[in-house]
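> Starting off with a structure, shown below.
Every number here is computed from the coordinates shown, using simple stated rules; none is lab data. Quantities reported herein were computed from a predicted structural model and do not represent experimental measurements. Cβ sites come from the backbone with ideal geometry, for glycine too, and all protein chains shown count toward neighbours.
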Amino acid sequence: MNTHPCTSPNYFNYSTGFKRIILLLLCLFLLTKVDAQEITENQTAEYPQVYVGFGTGFDNFTGFLGVSGTLKVHENFSVRGGTGLSGWGFKNSIGIKYDTKEIGGWSYCLGYSHSPGFKGIEMDIELASGGTQETTVDYLSASTINLAVDRNWKIGKANIFYIEFGYAIPLQSNRWRTTDGSVLSSSNEAVLRLLQPGGLILGAGFAFRVF
């Protein structure tokens, strides 16, 4: 008589089969949990998303001080616009942005900026005799193509702080004129070239997610 039923072949078959069932149920549970997590993440990352913010800098998207709006249409792609004050009057910008991460990380930006300029700027120009003469200068409209990189940090649940650097390619040169036909000195022109849109981009800003 077999006094140790736990050592019978039927017991071993039953035990092995039971273990396989437990393992299969565990795998199904883990797969279900992963799928549920992915669904939850997708639900919280619906698009489009809208951000509004402010920025500051030189030859950047918003100028010395301005506001911006960003429409995030995909995890990696956004459309943005901005307006603000610059060294050439008001500045208006539009562009696209590619984000390497949904929030945070690096972004690559391509944009276009236009400044309508303004008139009636009084300037003292140097004369050949060594003296100075006051004249009036008009700042003419100027545009740039902007190539920039943003470094983004997530603040809170969905807000973003960023720094921006790159280069603004001027589409025109010497966008000024004197109202009385006076010839500017090289130092006066150097100042105007520095103020005219174009050159190294350096900026920073903060964006709040609206919805």
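> If you rank 51, 167 by fewest surrounding Cβ atoms within 10 Å, what's the result?
On the way: 51 20, 167 14.
Least crowded to most crowded, the residues run 167, 51.
> Also: Students often check this: by mean Cβ neighbours within 10 Å, which of 171-183, 65-77, 195-207 ranks highest, and how do the rest follow? Write down the numbers at each step before the final one.
Numbers: 171-183: 13.8, 65-77: 15.8, 195-207: 19.3.
Most protected by this proxy first, the peptides run 195-207, 65-77, 171-183.
> Could you work out the relative contact order of the range 138-189? I mean the mean sequence separation of Cα pairs under 8 Å and 6+ apart, divided by the number of residues, in percent.
Across the range 138-189, relative contact order equals 42 percent.
> Still on this structure: Does the range 45-209 classify as rounded, prolate or oblate by the C-alpha gyration tensor (a ≥ b ≥ c root eigenvalues; a/c under 1.5 gives rounded; else a/b over b/c gives prolate, otherwise oblate)?
Judged from the Cα gyration tensor, the range 45-209 comes out prolate (a/c at least 1.5, a/b above b/c).
> For the range 62-68, just list the computed ³J(HN,Hα) in residue order, Karplus coefficients 6.51, -1.76 and 1.60, θ = phi - 60°, integers in Hz, with x standing in for Gly and Pro.
Those phi angles translate into 10, x, 4, 8, x, 10, 9 Hz.
> What are the semi-axes of the equivalent ellipsoid of the range 119-211, taken as the square roots of 5 times the eigenvalues of the Cα gyration tensor, listed largest first and rounded to whole Å?
39, 13, 12
> Report the net charge of residues surrounding residue 188, where surrounding means a beta-carbon distance below 15 angstrom and charges are Lys +1, Arg +1, Asp -1, Glu -1.
It works out to a net charge of -4.
> Give the aspartates and glutamates reachable from residue 72 as a straight Cα distance under 16 Å; neighbours fewer than 8 places away on the same chain don't count.
Counting by Cα, and skipping residues close in sequence, residue 72 has these aspartates and glutamates nearby: 46, 99, 102, 150.
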